[in-house]
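Below is one structure, written out as structure tokens; comments come after it.
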Amino acid sequence: MKSVSAFLIVCLAASTAAQNVPYPTKKMEAIRHKAETLAPNAPISVIPLHGAEEFGLFLSYDPEGFTFHDIDRKMDVRLQYSEVSKLKNGYGGYNSVQGRHTDRTKAVVITVVVLGALGALIGAAATAKN
């Protein structure tokens with residue numbers, strides 16, 4: 001009888017611990033605050049903790065997370081604040097080669113780096129020629 005009651009106490013403690021919601025971090029609070037300021041159908045970029053950046057239209061939020069319509073996958077996605085690294089207004093252009101939306105900032109940085117490297121090579125070749 002004692003072993004059954006001990007087992008029930010352990011199970012009760014384990015189920016109570018499993019139901020605890022993680023304490024909100026500053027990052028989670030910042031993402032929640034950002035979600036509160038967004039209007040329905042606002043274009044957003046979402047950078048999850050694990051996975052590629054997603055682009056879509058903001059739908060709704062609640063105390064635990066938010067929902068948006070992913071415009072590349074054409075489906076509604078629900079994320080918890082704890083699963084998101086960054087939530088940004090707007091999204092970049094459309095990459096017809098990849099068939100999905102992209103972040104323009106990243107494309108601009110890559111273009112500047114490539115053009116700078118080509119300029120350095122051309123300058124080095126011109127200097128070596130003289």
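What ranking do Val112, Val46 get, fewest neighbouring Cβ atoms within 10 angstrom at the top?
Arranged by neighbour count, lowest to highest, Val112, Val46 become Val112, Val46.
For segment 21-91, count the residues as N, evaluate 2.2 N^0.38 Å, and divide the Cα radius of gyration by that value, please.
0.99
Ranking Tyr91, Tyr81 by Cβ neighbours within 10 Å, fewest first, what do you get?
Listed from fewest to most nearby Cβ atoms, that is Tyr91, Tyr81.
What distance in nm lies between label points placed 7 Å from Cα along the C-beta direction at Ala120 and Lys86?
According to this spin-label approximation, the distance is 2.4 nm.
Lysine pairs in segment 21-91 with Cα distance under 17 Å, only those 8 or more apart or on different chains: how many are there?
So the count of such lysine pairs works out to 7.
Quick one: order His69, His33 by neighbouring beta-carbon count within 10 Å, fewest to most.
His33, His69
If you take the charge dipole of segment 21-91 about its Cα centre, with +1 on Lys and Arg Cβ and -1 on Asp and Glu Cβ, which of Met75, Leu59, Ala30 is farthest toward its positive end?
Positive-most Cα among the choices belongs to Ala30.
Laboratory data are not the source of any read-out in this text; all were calculated from the coordinates shown. Computed from a predicted structure; not experimentally measured. Note: ideal-geometry Cβ built from the backbone for every residue, glycine included; neighbour counts use all protein chains shown.
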